[in-house]
Structures are given as C-alpha cells and as structure tokens.
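The values are calculated or read from the model by the stated rules, or taken from the named source; none is laboratory data. No experiment lies behind these values; they were computed from the predicted model shown. Here the Cβ positions follow ideal geometry from the backbone for every residue, glycine too, while neighbour counts run over all protein chains shown. Side chains included, ligands, DNA and RNA excluded: accessible areas come from the protein's heavy atoms. Shrake-Rupley method; radii C 1.70, N 1.55, O 1.52, S 1.80 Å.
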Amino acid sequence: MQRRTLVALAAAATAIAAPFAAPLAFAQAKEIRIAHIYSKTGPLEAYGKQTQTGLMMGLSYATGGSMEINGKKIVVIEKDDQGKPDLGKSLLATAYSDDKVDLAIGPTASGVALAMLPVAEEYKKILLVEPAVADSITGDKWNKYIFRTGRNSSQDAISNAVAVDKAGVTLATLAQDNAFGRDGVKAFKDSVKTAKLVHEEYLPAATTDFTAGAQRLIDKLKDQPGRKIIWIVWAGAGNPFKIVDLDLKRYNIEIATGGNILPAMAAYKNLPGMEGATYYYFGIPKNPVNEALVAAHYKEFKTPPDFFTAGGFSSAMAVVTALKKTNGDTNTNKLISTMEGMSFDTPKGKMTFRKEDHQAMQSMYHFKIKVDPAFPWGVPELVREIKPEEMNVPIRNKR
C-alpha cells in the first residue's frame, strides 16, 4: 500500500513538473546564449569592464536595438574570472555544461585564455577570444573552436616595429614576465629586421618599483652609438614609464610603446613626439561603425570609448554577422564554417577571420604623441594606417 502511494506521488510530481520543464527547454531553444567570461575584478579589471561595455553596445548596434537574431533573443551570461587561469577554466566548463551557452567570449588575460582553450575543444563549442593577446592562443595552443577578434602579439609587434625598426637604432625591451609580455617580446624580436636588439628585461607583472630594471636597461644602452630606444610592453597595474624619471635624457635614451587605455596614456603627456602603434584610439578610424560607437558612448557615459571598448564591440559584430548568416542557427560546425574567412565591420573598419588560425586580420595605427591641453592624456596622432595586407602576421598553429 505504501509503495503504491509513493509511486502515485512520484507520478503526480512528474506531471506537475512537466509543464514547467517544457517551457524552459522551449525558452532556451528561442534564445542565443552567450557567456562573457572576463576580469570583472582583478589586475585587469579596467580592461574587462571596457570589453563588457563594448560587447553590450555592439550587440545592440548590430541587431538594430532588438537584441534578437531571427526571432531568437540574445542572452549574455557574465562570469568573473578575476584574472585567475583555474577559475576561468572552471567557469567556461560551467557555462558550456550547466548554462547551456551556445558560445563564449573572453577572457581578458592571456594566461586565463590559455587555460580555457582545451575546455572549448572538450565541449566542442566556440570560444571567441577578446581581448587576450598572446600569440600562442591562435598559435601552438590553438584548436579549431578558437577565434579571436582581439589583436595578437605579432600584430602589435609588427606595427610597432614599423615605427622604430630603422638603421642606426639600438633597441632594448621592457616587459612583464608572463605570457603576454614574453609572447610580445618574441614577436617584436621576430619583426625587427634592421635595428639592433641588445637586451630584454622581464619584471614581475605586479612591479611598482622599476629602478633596478631601468638601471640594467640603461647600462646596456648608454654607450651604444646612434638612436637608443626602450620598447615597453606592459598591461594592468604599475607604471613602467616612471623610468623616464631616471634621467634617460642624459644618455639620449628614448621610450617607445603601443597604445593603451586612456588613463594609462596620461603618462604619454610627458613623452611628446614618442612613436608607436596602437590597436585603437577613438579619434583615428573614420567609418560609420566607429562614429556610432563614439556617439553612443558619449551619450551614455559622457566620455569617449576606450581601447577595449572597441574590442568588445568588434566581438559583438563578429558574432551577430555570423549568426545572421546562419539565420540564428547556433550549431558549432555551421558557425565554424561560416566564420572561417568571414569579413565583418567593426569600429576599426573591416576585419577578416583568417581561415588557417581564425585570427582576425585588421588594421593597426602608427602614431606620434601630441600634447593637447584639452585632453588629460597624450594624444596619439595618426602617422599612417598599417593595413592587414601590409603585415606578414605569421601562422604559428601548424595546422
């Protein structure tokens, strides 16, 4: 008797649950679920938050404000990896398995991205990398589920070499001792064909006192003839430009570096005439998508969009372009075949996913710093746009 009662109760519970289960599955079928895993907190928090802002603005712009594709609602699930590789890895696994996301975007840090790559392969789902930079992400650690809208170390390095790789120049590098820093310097060394590179200085990512590292750089450069330049590749906290205070002018040593977020470029005001190359500065690209981003950002925040805001926006443009082509079909293999070789508009102009490694080929911008009292940062004035076809970006994935 008791057993019959338990069976009846179980059947009743199932009957009650069924109407709720069906709508949930139906709702998921009518959604495009995207995980954004990024450094909402941690050392690269400023970069992560900009990416999130750009992603949401880009999704809105690309869908005409509807946040829908082919009748399917776009749902973005945010996760904070705190800049920790193990955490990023587990959050991505959870997103694919429990949250049933169709694809993921992120992360901010290269070390986190490298931990996440095998998870995308295990679950056979796309990870669109934005903005982690290390070459190895689309290089020797790559798999076919990985795409990247962010620039890679080689694109940074090749474009920066355009600015400083000249006859009679002696170079040294200052970088963080992590995947971002070491991949950046390796790519820079590979790009330098004419100048002489005499020293590589690597410091812990959290360094605040650059005195000892700067002294080693000075010792290597001070007696060199001709033009002497320290090329800096740095992300997050710490201000390596403090080394200017150590009287580099006395030895005619210059600084060169790539672009950065606007608060970090406040240090560039002390370096008028400094040359380098940048991924993005809101005043440089002239196209309708950038105009829309700048206008929307000023309207919402009363400030211009920053370096990583453009990256988040670009990742949104890539995803929406692909899903429009598949009529909202999120099947991974269909998305991969659609995205390989696909071109899409971004605030930087047209990007194209290279078939061989899924790296977005894109323009970079050779700049010279100008001091303008109207801006609290050194303004990167365009010297010239370095177009994708001008950069021989190596394919490093052995595909």
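Here are some notes:
- Residues of segment 348-372 that turn out to be part of a loop (DSSP other than H, G, I, E, B) and within 21 Å of Leu127 (Cα to Cα), as a count: 6
- Pairs meeting the criteria (first residue in segment 142-169 and at positive phi, second residue surrounded by fewer than 21 Cβ atoms within 10 Å (Cβ to Cβ), beta carbons under 7 Å, at least 6 apart or on different chains) are Gly168/Gly226; Gly168/Arg227.
- Look at (1) open to solvent by 40 Å² or more (accessible area, probe 1.4 Å); (2) within 26 Å of Phe210 (Cα to Cα); (3) in a loop (DSSP other than H, G, I, E, B) and you find that Lys286 fails only one, number (2).
- First in segment 48-71 and at positive phi, second anywhere and in a helix (DSSP H, G or I) and open to solvent by 60 Å² or more (accessible area, probe 1.4 Å), Cβ under 8 Å, 6 or more apart: Asn70/Lys324
- When Pro305 is tested against the conditions (1) part of a loop (DSSP other than H, G, I, E, B); (2) open to solvent by 20 Å² or more (accessible area, probe 1.4 Å), the lone failure is (2).
- Of the strands (runs of 3 or more DSSP E) that lie entirely inside segment 171-274, not one contains 3 or more residues that are surrounded by fewer than 18 Cβ atoms within 10 Å (Cβ to Cβ) and among the aromatic types (Phe, Trp, Tyr).
- Hits in segment 215-253 (condition: among the charged types (D, E, K, R) and farther than 28 Å from Gly150 by Cβ): Arg216, Asp219, Lys220, Lys222, Asp223, Arg227, Lys228, Asp245, Asp247, Lys249, Arg250
- Close pairs from segment 364-390: first under 16 Å from Ile255 (Cβ atoms), partner in a loop (DSSP other than H, G, I, E, B) and open to solvent by 70 Å² or more (accessible area, probe 1.4 Å), Cβ under 9 Å, at least 6 apart: Lys368/Pro272; Ile369/Pro272; Lys370/Pro272; Val371/Pro272; Trp377/Pro263; Gly378/Pro272
- Condition check for Ala157: small (Gly, Ala, Ser), part of a helix (DSSP H, G or I) and surrounded by fewer than 24 Cβ atoms within 10 Å (Cβ to Cβ): no
- In segment 95-127, residue least open to solvent (accessible area, probe 1.4 Å) [restricted to those that are within 21 Å of Leu335 (Cβ to Cβ) and either at pLDDT below 95 or hydroxyl-bearing (Ser, Thr, Tyr) (or both)]: Tyr96
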